[in-house]
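Where a number appears in this text, it was derived from the coordinates with a stated rule and is not lab data. From a predicted model like this one, the values you see are computed outputs, not experimental measurements.
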Amino acid sequence: MTLKERYINPFTDFGFKKIFGSEVNKDLLIAFLNSLLPADAGIIADLSFLPTEQTGRSDYDRRAIFDLHCTNEHGDTFIVEMQRAKQNYFKDRSVFYASFPIQQQAQKGSWDFRLKPVYMVGILDFIFDEDQASCDVVHHEVKLLDRSTGQVFYNKLTFIYLELPKFRKSVDELITDFDKWCYLLRNLPELTDRPQRLQEKIFSKVFEIAEIAKYSPAEAAAYEDSLKIYRDLKNVIDTAYDEGKAEGKAEGIEEGIMQGKLEGKVEGKAEGIQEGKLEVARRLVASGMSAEQAAGIAGVPVALLQPS
């Protein structure tokens, strides 16, 4: 084993699911969501986990795979996504994902179209390009707004984005539970002990389940594999994204993170963009990610990654 950190990285798939994704630890997810949801959402008392894989209403609709998908005691739906690397169209993906729990509320026969609230929560390990100037805004709450009146037009669809790289408070500056969660998610792998400001029972539980030394050899190996995938993923996607921007070519930039070649000059032609996407997907598969996950991230048909 080559692990040196005391605590797991919550931005790895293993770490995120270990902390937030199990029935036995759902009190952690409840506490986290209660710290960041708007007041009109109320206080979550209980959550039930739902299937993370969703399919469209017809064979022609794409599917979606959520990190976490759950509902509270009132039937409100929560999708929680941990986005580990830049993706130009993450906001588009958020809207696409939110459409699934909305459509699934459709009822057969006579129905008045009354919907339950849907919350899409994106925990980001990057900063949106358009938000670079607003360096102090970590928590974004987005609703449908009437621009003529400035009032919320529809309050049952809420998007919450946390740009964690913007969170720079020191441990001595932590006041609210939201501050403490952001600090923990941002700094957990670098911590060697539990800070005095994070001694509450709920945070003590996080430290207990995040301590790598307490894992079985199989768990530790699974985490190390997940950590390698996380590092490779960030390196591949961030490199592709930065090279695409630096190149300055219209198509390579406009089409996003995956577009353009990872090496050499970014070609604006369609075939160059497609090959760039495939290269990203192949590297993700080579790093240990499933073909389905890699295809979803890179935006290519999964069939192109299957052995011929």
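Using all pairs of distinct alpha-carbon atoms, the Kirkwood hydrodynamic radius of the range 89-182 works out to 15.7 angstrom. Over all orientations, the range 13-215 has a Cα convex hull whose mean projected area works out to 14.1 square nanometres.
Shown in residue order for the range 10-20 are the 3J(HN,Hα) couplings computed by the Karplus curve 6.51 cos²θ - 1.76 cosθ + 1.60 at θ = phi - 60°: x, 8, 7, 4, 4, x, 5, 5, 5, 7, 10 Hz (x for Gly and Pro). Rounded to the nearest whole Hz, the Karplus-based 3J(HN,Hα) values (6.51 cos²θ - 1.76 cosθ + 1.60, θ = phi - 60°) of the range 140-145 follow the sequence 10, 10, 10, 9, 5, 10, with x at glycine and proline. How big is the antiparallel share of DSSP beta bridges in the range 13-215, given as a percent to the nearest 5? DSSP beta bridges in the range 13-215 are roughly 55 percent antiparallel.
Residues whose amide H comes within less than 5 Å of that of L68, counting only those at least five positions distant or on another chain, are V80 (H built at 1.01 Å from N in the peptide plane).
Rounded to the nearest Hz, the phi-derived 3J(HN,Hα) couplings of the range 127-133 under the Karplus curve 6.51 cos²θ - 1.76 cosθ + 1.60 (θ = phi - 60°) are 10, 4, 4, 6, 10, 4, 6, where x marks glycine and proline. Just need the relative contact order of the range 143-186 here, percent rounded to a whole number, with Cα pairs under 8 Å and 6+ apart. After rounding, I find 27 percent.
Averaging the Cα positions of each part gives two centres, and for the range 162-183 and the range 119-147 these lie 16 Å apart.
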